[in-house]
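Written out below as structure tokens is the structure these notes cover.
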Amino acid sequence: MILTERELVQWGGRIGKEVTIPVFLGLRGQLGAGKSVLARAIARGAGVEVAIPSPTFNLLFRYQARDGAEVVHLDLYRLRDPEELWELGWEELGTKPELVLVEWPERAGDHLPKDRWDVHLSPPEPGSHRRIVEIRRVGAPPALPGFPVKLERGS
Ligand SMILES: Nc1ncnc2c1ncn2[C@@H]1O[C@H](COP(=O)(O)OP(=O)(O)O)[C@@H](O)[C@H]1O
Ligand SMILES: [Mg+2]
């Protein structure tokens, strides 16, 4: 599936609004692939109204979301050692009603949850404003709404 930014944001909004929580999504792809764009769209869809900065230095931000749940947004790019995950409360993630969004999940090595979605974003060619979106289900996470994306005319 190849999506413009607007389409990706539309899809993310739908995920945020409809996905069953708890759920864990790993967002993969190079720097600038659109992981944070997608994470923000999902968080917005889940009802987060405050600013959503990149958790690049903090590694983790939490937000109040719909239905009493929380959105937990992580960026593990600067994780030096999977051991640091424990300081973030990694083991508990997704055991409470949390919509967990992890950029650079590969930094967590073997410590990813057994039930999750992996979403991979990449430009079809350098500098493109579209993104190839590939999703992979690992284990038995709740269904991911809206994929493949049905494009809304004129929006
Ligand atoms: N189809 C697209 N989907 C997502 N982002 C896109 C797309 N086309 C262009 N972009 C741009 O690419 C950049 C992605 O940045 P960001 O989401 O911060 O990347 P990452 O978090 O993967 O490093 C943004 O500047 C965004 O406007
Ligand atoms: Mg990012």
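Taken as Cα centroids, segment 57-121 and segment 20-48 sit 11 Å apart, rounded to the nearest whole angstrom. Against the main long axis of the alpha-carbon atoms of the chain, helix 35-45 sits at an angle near 90°. A dipole drawn for segment 42-103 from +1 and -1 charges on Cβ atoms has a positive end, and of Ala43, Leu59, Gly89 the residue lying farthest that way is Ala43. Note on segment 2-138: Cα Rg divided by 2.2 N^0.38 Å, N the number of residues, gives 0.98.
Helix 5-18 and the long axis of the chain differ in direction by around 50°, with both axes built from C-alpha atoms.
Could you give the size of the charge dipole of segment 2-138 about its Cα centre, using +1 on the Cβ of each K and R and -1 on the Cβ of each D and E, expressed in debye and rounded to the nearest 20?
In total the dipole reaches around 520 debye.
Quick one: go through segment 80-99 and flag any residue whose amide nitrogen is under 18 Å from the point 7 Å out along the Cα-to-Cβ line of Asp115. It comes to 91-99, nothing else. Among the trypsin sites (Lys or Arg not before Pro) within segment 49-81, those in coil by DSSP and having at most 14 neighbouring Cβ atoms inside 10 Å are Arg78, Arg80. Here Lys96 is the anchor, and the aspartates and glutamates within straight C-alpha reach of less than 16 Å, apart from those fewer than 8 places off in the same chain, are Asp67, Glu70, Asp115. Charge tally around Ile132: other residues with Cβ under 15 Å, Lys/Arg +1 each, Asp/Glu -1 each, net 0.
Normalised by the number of residues in segment 1-121, the average gap of Cα pairs under 8 Å and 6 or more apart makes the relative contact order 35 percent.
In loop segments of segment 104-155 as defined by DSSP, the trypsin sites (Lys or Arg not before Pro) with at most 11 further C-beta atoms inside 10 Å of their C-beta are Lys114, Lys150, Arg153.
Please check: in the Gaussian network model of the chain (C-alpha springs, under 10 Å), which one of Lys35, Lys96, Lys17 has the largest mean-square fluctuation. Looking only at Lys35, Lys96, Lys17, the biggest GNM fluctuation is shown by Lys96.
Rule-based calculations on the coordinates, nothing more; no lab input. Bear in mind that the values here come from a model prediction, so they are computed numbers and not experimental data. No Cβ is skipped: glycine too gets one built from the backbone with ideal geometry, and neighbour counts run over all protein chains shown.
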